[in-house]
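Bear in mind these aren't lab numbers, they're just calculated from the coordinates by the rules spelled out. Keep in mind the model is a prediction, meaning the values are calculated, not measured. Methodologically, a virtual Cβ is constructed for each residue, glycine included, from the backbone with ideal geometry; neighbour enumeration extends over all protein chains shown.
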Amino acid sequence: PTPSQRPLVAGILWKRLDNGWNLGVDATSRYTLEQWNDRRAFLAKLRDPTDPYNTRLRPGLPPTPIGNPGITALEAAIAPQDSEFWYYLHDGDQQLHPARNVREHEANRRRYGVY
């Protein structure tokens, strides 16, 4: 997310953790891919329950950090934004689209062509 979007995303992720949800963050599944945009490999990872980085299927945090966060990411993590949202995605232009529920999220997935 962009720096201005990070507090909202952090708030969504903290809310998920605090409520016992899986994080469901695609970046964790992409972390071990040789090519970030390898769609076929990514989709296979999403279905792999043995992948320790699959936060869609596995509870809690991944076993290791998946990157080196910058200052704005750390600031967002310690000062997350409260919101009504539980889901989010980024479209092809990296625009953030939050959703209050799975129905809205699925509509965003279809609208923005995100798998």
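Please arrange W86, W36 by counting, for each residue, the other beta carbons lying within 10 Å of its beta carbon, fewest first. Working shown, then result.
On the way: W86 18, W36 10.
The fewest-first ordering by Cβ neighbours comes to W36, W86.
Using only Cα atoms, what Kirkwood radius does the chain have, in angstroms?
Values: mean 1/r = 0.0677 Å⁻¹.
Mean inverse Cα-Cα distance, inverted, gives 14.8 Å.
Can you compute the helix-only [θ] at 222 nm over the chain? Use -39500 (n - 2.57) per DSSP H run of at least 4 residues, normalise by all residues, nearest 500 deg cm²/dmol. Can you show the working numbers first?
Numbers: 5 runs with 45 residues, N = 115.
Mean residue ellipticity, 222 nm, calculated: -11000 deg cm²/dmol.
Please identify, among T32, T50, T72, the residue showing maximal mean-square fluctuation in a Gaussian network model of the chain using a 10 angstrom Cα cutoff.
The residue with the greatest mean-square fluctuation here is T50.
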